[in-house]
Amino acid sequence: MRDSSSKTAIDRRSALKGFVTIAGMAVVLPAMGSLAGCSSSKLTGTGKTELIDAITNLIIPQTDTPGARVAGVPAYVEAVFADHFTADQQKDFLDGLAVFDKTAAANGAPGFTAAREDIQNAVLSQLDEARDPAWQWLRDMTVFGFYTSEAATEELAFEEIPGRYDGCIKFAEVGRAWLDRGV
């Protein structure tokens, strides 16, 4: 029998109950934060959603396979922005997106989304050469978002169990990239 006058003693049942409660909260609370997913993106109303859509579509355009827009990359970028960027990163990203309009204006266009496609491509080339951080950030998110999407399965040929190894095969015979381990 345990001494009931001791206020610091804890039995195994109480300890387990406390542990399970803490562990359960660690699992449930982050999931509850994602329930706010039905609210509008933090990019909505900034005028940047159209810019992101245009840029991602230029990075991976639709050809005989789906492009970034069809793969949902603009929505992916918005989700990363809203759910994973800190407040400072969000501010830096939004401030960085202004360089696209400034560079387009320097090329004679009223803004990036209003520019002709040749000017848009020139802007992206200039920002790539300058190693602009906003451009690199958006480019990396676009490539990652696309190649981890379901649409990438139409872009890449995937062979679950590869056949024989042939080290001297002409690329024209194989077509698109062939993977044996996924992206």
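The values are calculated or read from the model by the stated rules, or taken from the named source; none is laboratory data. For clarity, every value in this text was computed on a predicted model and none was experimentally measured. Positions of Cβ are backbone-derived with ideal geometry, glycine not excepted, and every protein chain shown enters the neighbour counts.
Being surrounded by fewer than 16 Cβ atoms within 10 Å (Cβ to Cβ) and not polar (S, T, N, Q) is the filter; apply it to the stretch 48-68 and report the residue that is nearest to Leu124 (Cα to Cα).
The selected residue is Pro61.
Please give the helices (runs of 4 or more DSSP H) falling wholly within the stretch 124-174 in which 2 or more residues are modelled with pLDDT of 70 or more and over 30 Å from the mean Cα position of the chain (by Cα).
Working: elements: 133-147, 152-155, 171-174.
Output list reads 171-174.
Is it the case that the stretch 69-78 has a residue that's surrounded by fewer than 19 Cβ atoms within 10 Å (Cβ to Cβ), touching a residue at least 60 places away in the same chain (Cβ under 8 Å) and part of a loop (DSSP other than H, G, I, E, B)?
Within the stretch 69-78, one or more residues are surrounded by fewer than 19 Cβ atoms within 10 Å (Cβ to Cβ), touching a residue at least 60 places away in the same chain (Cβ under 8 Å) and part of a loop (DSSP other than H, G, I, E, B).
Based on this model, can you work out whether Leu29 counts as more than 15 Å from the chain's Cα centre (by Cα), of a type in the set (A, V, I, L, M) and modelled with pLDDT of 90 or more?
On the way: more than 15 Å from the chain's Cα centre (by Cα): yes; of a type in the set (A, V, I, L, M): yes; modelled with pLDDT of 90 or more: no.
For Leu29, the condition - more than 15 Å from the chain's Cα centre (by Cα), of a type in the set (A, V, I, L, M) and modelled with pLDDT of 90 or more - is not met.
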